[in-house]
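First up is the structure itself, then whatever we jot down about it.
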Amino acid sequence: MRALNVLAAFLGGAAIGAAFGVLFAPEKGEDTRSKIAEILRKKGIRLNRDEIEDLVDEIAAEIKGEAD
């Protein structure tokens, strides 16, 4: 069970690191959203354009410390 927790923490950290990398990359927002959507699709998560924009906004707010 402990190994599973370590693996989950590692994968979670990798996902967050990837999100930070994509968000801070010097690209247009539309390109960034497309990359996020593609990564999510590969993971089996399907979101429409509005849901992706909301997710990106939430992540950006968390990074800036604006979210509760």
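Within the range 58-68, the set of residues being under 19 Å from ALA18 (Cβ atoms) and open to solvent by 60 Å² or more (accessible area, probe 1.4 Å) comprises GLU58, GLU62, LYS64.
The set of residues in the range 32-57 that are under 13 Å from ALA18 (Cα atoms) and either open to solvent by 100 Å² or more (accessible area, probe 1.4 Å) or among the hydroxyl-bearing types (Ser, Thr, Tyr) (or both) contains only THR32.
The values are calculated or read from the model by the stated rules, or taken from the named source; none is laboratory data. These numbers were taken from a predicted model, which means no experiment stands behind them. All Cβ positions, glycine included, derive from the backbone under ideal geometry; neighbour counts span all protein chains shown. We work out accessible area using only protein heavy atoms, side chains counted, and drop any ligands, DNA or RNA first. Shrake-Rupley method; radii C 1.70, N 1.55, O 1.52, S 1.80 Å.
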